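The values are calculated or read from the model by the stated rules, or taken from the named source; none is laboratory data. This is a predicted model, so every value here is computed, not measured. All Cβ positions, glycine included, derive from the backbone under ideal geometry; neighbour counts span all protein chains shown. SASA here: full protein model, heavy atoms, side chains in, ligands and nucleic acids out. Shrake-Rupley method; radii C 1.70, N 1.55, O 1.52, S 1.80 Å.
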Amino acid sequence: MPRSPDFPGAAAWVPERLTVEAVDEGVQACRGCDLWERATQGVPGAGDPEAGVMLLGEQPGDMEDQEGKPFVGPAGQLLVRALTDAGIDPARTFRTNAVRHFRWSVTKGKRRIHQNPSAWHVAACGPWMVAELDLVRPDGIVVLGATAGKALYGSGFRVGETRGRRQEFPAALPGGAVPDHRPDWVLPTTHPSAVLRSQDRDADYAAFVADLEVAARLIG
Ligand code: SF4
């Protein structure tokens, strides 16, 4: 996908030598798109840097933006519970997002309201996903929701068509990048925030756990 002329993309801020610290510093310095301007800080991936599984979400939320860590808000808490129920140790995962600065629209009380990142933002932030894949070198990726899926497979990705079923890692990412490290499997499912918003939360939570159980079997 071509980049917006206004967004140079993150590549210039990705360090040559990939370490957790260097990636963290690079994300904080990144000006690859406009999202840094209204965010408190960048939110790079976090967790076990030697994890066998990477969890890929959409973008940081209000709490993540304030704390600088991914999945620390209500959706993250639900994710931890679902992973545990599925037999995956949350401490043995690496959690990150397709976009690393919080995009929000308006405030409601003290809370800022999430706004979906555009395809341009996802493309601009893509070099960080490649960097984190090459840093962690996971065996598999759990894709949490449509934005994460589109970051891997492009705009045609639909969660409902593939959730809970093992997929191949794409030959190339939508922007044409090819990570050095190619995970063995990809498991799409919904985003935990969709479960939180569901009118039928018990059923959707059970379906989410069932998808994660497939990932647990792939982890072995
Ligand atoms: S969202 Fe990604 S590309 Fe945009 S400034 Fe933040 S780290 Fe850089």
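Mind checking the full-extension length gain between Gln28 and Lys110? Use 0.36 nm per residue of separation minus the Cα-Cα distance, one decimal, nm.
Details: separation 82, 0.36 × 82 = 29.52 nm, distance 2.40 nm.
Length gained between Gln28 and Lys110: 27.1 nm.
Each part gets one Cα centre, and for the range 98-138 versus the range 170-207 those centres are 15 Å apart. A 1.4 Å probe over all protein chains sorts Thr96, Thr40, Thr19 by accessible area into Thr40, Thr19, Thr96, starting with the largest.
With K and R counted +1 and D and E -1, the other residues having a Cβ less than 9 Å from that of Trp185 yield a net charge of -2.
Rg/Rh for the chain (Cα atoms only, Rh after Kirkwood) is 0.93.
Working from the pairwise distances between different alpha carbons, so that the mean of 1/r is found and then inverted, what is the range 121-220's Kirkwood radius in Å?
Working: mean 1/r = 0.0710 Å⁻¹.
Every distinct Cα pair counted, the radius reaches 14.1 Å.
Computing FRET efficiency as 1/(1 + (r/R0)^6) for Glu37 and Arg158, where r is the C-beta to C-beta distance and R0 is 30 Å, gives about 0.40.
Please compute the contact order of the chain in relative form: average sequence separation of alpha-carbon pairs under 8 Å and at least six residues apart, divided by the residue count, as a percent.
For the chain, the relative contact order is 23 percent.
Here the sum of -39500 (n - 2.57) over DSSP H runs of 4 or more residues, divided by the residues of the chain, equals -11500 deg cm²/dmol at 222 nm, to the nearest 500. If the chain linking Asp180 and Thr19 were pulled fully straight, counting 0.36 nm for each residue of separation and taking away their Cα-Cα distance, it would gain 56.4 nm. Across q = 0.14 Å⁻¹, the range 160-204 modelled as identical point scatterers on its alpha-carbon atoms has Debye log10 I(q)/I(0) values of -0.50, in the order of the q list. Accessible surface comparison of Asp211, Asp184, Asp202, probe 1.4 Å, protein chains only, largest first: the order is Asp202, Asp184, Asp211.
What the Kirkwood sum gives for the range 22-137 is a hydrodynamic radius of 14.4 Å, with every pair of different alpha carbons counted.
Taking the range 151-178 and a reference point 7 angstrom along Cα→Cβ of Ala203, the backbone N atoms nearer than 19 Å belong to 159-164. Each listed q (0.14, 0.17, 0.22, 0.26 Å⁻¹) maps to a log10 I(q)/I(0) for the range 28-68, found by the Debye formula over equal Cα scatterers with no solvent: -0.38, -0.54, -0.81, -0.99. Highest GNM mean-square fluctuation among Ile141, Ile88, Ile113, for the chain modelled with Cα contacts below 10 Å: Ile113.
Report note on the peptides 103-112, 164-173: ranked by the mean count of other C-beta atoms within 10 Å, highest first, their order is 164-173, 103-112.
I need the fraction of alpha carbon pairs in the range 1-80 separated by more than 18 Å, rounded to a whole percent. Let's see the in-between values first.
Working: 1558 of 3160 pairs.
Across the range 1-80, Cα pairs with separations above 18 Å total 49 percent.
Using the Cβ of Asn97 as centre and a radius below 15 Å, the other residues enclosed give a net charge of -2, where K and R count +1 and D and E count -1. The convex hull around the C-alpha trace of the range 71-178, projected and averaged over every direction, spans 7.9 square nanometres.
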